[in-house]
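Engineer: Got a structure here, written out as structure tokens. Questions coming.
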Amino acid sequence: MKIRVGYDLLYQCPQPTPMIVTLSIHYTRASDIISLDHLILEPSIPIRGYRDGFGNWCNRIVAPAGQIRLRSSAVVNDTGLPDPVVPHARQHAVQDLPQEVLVFLLGSRYCETDQMSQIAWNLFGNTPEGWYRVQAICDFVHNHLQFGYQFANSTKTAFTAFNERRGVCRDFAHLAITLCRCMNIPARYCTGYLGDIGIPPVDAPMDFSGWFEAYLEGHWYTFDARHNTPRIGRILIARGRDAADVAITTSYGEAILQNFQVWTDEAIG
């Protein structure tokens with residue numbers, strides 16, 4: 001299967017504004033890319049790239065005063081298979097975890113493990129460890145939160161979403177990540193493309209999607225508390241502790257988003 005992905009963003013900056021742009025397809029999908037997702041800027045300005053501490057490819061720019069357009073398009077090979085389901089995947093004892101995954105047990109900007117630890121143990125302390133525990137967390141979050149784009153709030157944390165009982169995909173992911181970490185399961189945030197492949201089309205504008213990965217039996221596995229069903233055609237962009245680590249753009253000054261278009265669909269022919 002071939003999947004066409006891309007974006008077209010327009011910002012207005014009242015003055016020259018440094019920005020970090022994290023929109024490149026993740027290096028783990030590099031061999032699948034048929035046409036490269038080059039970042040195109042209008043007006044054309046210098047770009048400096050670097051790899052952050054989580055392995056994501058980031059671009060640094062200084063947006064000029066006025067409008068700046070960021071766009072890209074790519075075609076990616078995909079297996080066409082849904083997310084794997086591995087019910088036998090076991091949970092590690094904390095003392096047996098690799099050092100590099102321990103950071104994904106800690107609280108972070110949007111995932112307040114200190115405030116939710118007792119809640120998590122009350123809810124999931126009697127569930128079977130491993131895959132079934134993560135799935136129980138996804139089932140709970142999926143049923144506990146009401147999804148709606150009108151509930152988007154860039155400062156909303158997992159604990160706030162838990163209490164408000166509503167949010168967007170990033171809130172579903174943050175709450176599930178927090179509950180996993182409270183139960184000693186490393187969990188990390190993912191952002192990328194996820195289209196309506198293999199499901200009835202949704203009558204809503206396309207957006208980037210947020211999901212998470214849990215570390216079980218030596219592997220990172222994909223989970224999605226928002227949809228709570230294996231999906232086809234995820235194209236990863238970035239991973240981190242939470243959404244703060246993988247923002248599509250981070251501006252050091254005012255940058256007003258004036259146009260936002262994202263696409264991801266099966267390329268026919």
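The values are calculated or read from the model by the stated rules, or taken from the named source; none is laboratory data. Since the structure is predicted, the reported quantities are computational estimates derived from the model, not experimental observations. Note that we place each Cβ from the backbone using ideal geometry, even for glycine, and neighbour counts take in every protein chain shown.
Engineer: Go through segment 106-134 and report how many residues are in a loop (DSSP other than H, G, I, E, B) and aliphatic (A, V, I, L, M).
Structural biologist: Total meeting the criteria: 1.
Engineer: Being touching a Phe, Trp or Tyr at 6+ places or on another chain (Cβ under 9 Å) and buried (at least 17 other Cβ atoms within 10 Å of the Cβ) is the filter here; which residues of segment 119-135 pass it?
Structural biologist: Across segment 119-135, the qualifying residues are 123, 124, 131, 133, 134, 135.
Engineer: State all residues of segment 1-43 that are in contact with a Cys (Cβ under 6 Å, 6 or more places away or on another chain) and farther than 25 Å from residue 220 by Cα; if no residue qualifies, say none.
Structural biologist: If the condition is that a residue be in contact with a Cys (Cβ under 6 Å, 6 or more places away or on another chain) and farther than 25 Å from residue 220 by Cα, then 20 is the only one that fits.
Engineer: Residues that are over 22 Å from residue 32 (Cα atoms) and hydroxyl-bearing (Ser, Thr, Tyr), at least 2 per element: which strands (runs of 3 or more DSSP E) completely within segment 208-269 meet that?
Structural biologist: Where strands (runs of 3 or more DSSP E) fall fully within segment 208-269 and carry at least 2 residues being over 22 Å from residue 32 (Cα atoms) and hydroxyl-bearing (Ser, Thr, Tyr), they are 249-251.
Engineer: I'm told residue 67 meets every condition in (1) exposed (fewer than 12 other Cβ atoms within 10 Å of the Cβ); (2) of a type in the set (S, T, N, Q); (3) in contact with a Leu (Cβ under 8 Å, 6 or more places away or on another chain); (4) within 18 Å of residue 256 (Cα to Cα) except one. Can you identify the failing condition by its number?
Structural biologist: All conditions are met except number (1).
Engineer: When the residues of segment 42-78 are narrowed to those that are outside any strand (DSSP E or B) and over 20 Å from the mean Cα position of the chain (by Cα), which ends up farthest from residue 5 (Cα to Cα)?
Structural biologist: My answer is 65.
Engineer: Of all residues in segment 135-159 being part of a helix (DSSP H, G or I) and within 17 Å of the chain's Cα centre (by Cα), which is modelled with the lowest pLDDT?
Structural biologist: Within segment 135-159, the match that is modelled with the lowest pLDDT is 149.
Engineer: Considering segment 192-206 alone, what residues qualify as being under 23 Å from residue 58 (Cα atoms) and either outside any loop (DSSP other than H, G, I, E, B) or touching a helix residue (DSSP H, G or I) at 6+ places or on another chain (Cβ under 8 Å) (or both)?
Structural biologist: 192, 193 - these are the residues of segment 192-206 that are under 23 Å from residue 58 (Cα atoms) and either outside any loop (DSSP other than H, G, I, E, B) or touching a helix residue (DSSP H, G or I) at 6+ places or on another chain (Cβ under 8 Å) (or both).
Engineer: I'm told residue 29 meets every condition in (1) farther than 20 Å from residue 208 by Cβ; (2) surrounded by 14 or more Cβ atoms within 10 Å (Cβ to Cβ); (3) among the basic types (Lys, Arg) except one. Can you identify the failing condition by its number?
Structural biologist: Only one criterion is unmet by residue 29, namely (1).
Engineer: Would you check which residues across segment 166-191 are among the polar types (S, T, N, Q) and in a loop (DSSP other than H, G, I, E, B) and list them?
Structural biologist: 184
Engineer: Across segment 130-144, which residue is farthest from residue 227 (Cα to Cα) among those that are in contact (Cβ under 8 Å) with a residue 60 or more places away in the chain and either hydrophobic (A, V, I, L, M, F, W, C) or out of contact with any Lys or Arg (no Cβ under 8 Å at 6 or more places or on another chain) (or both)?
Structural biologist: 131
Engineer: Which members of segment 165-192 meet the condition of being more than 15 Å from residue 243 (Cα to Cα), in contact with a strand residue (DSSP E or B) (Cβ under 9 Å, 6 or more places away or on another chain) and surrounded by 19 or more Cβ atoms within 10 Å (Cβ to Cβ)?
Structural biologist: Residues satisfying the conditions are 179, 180, 181, 185, 186.
Engineer: Scan 207, 245, 265 and give me the residue that is more than 30 Å from residue 126 (Cα to Cα), in contact with a Gly (Cβ under 6 Å, 6 or more places away or on another chain) and among the charged types (D, E, K, R).
Structural biologist: Matching residue, one of 207, 245, 265: 265.
Engineer: Go through (1) outside the structural domain of residue 156 (by TED's automatic domain parsing); (2) surrounded by fewer than 16 Cβ atoms within 10 Å (Cβ to Cβ); (3) within 25 Å of residue 189 (Cα to Cα) one by one and return the number of the condition residue 40 breaks.
Structural biologist: (3)
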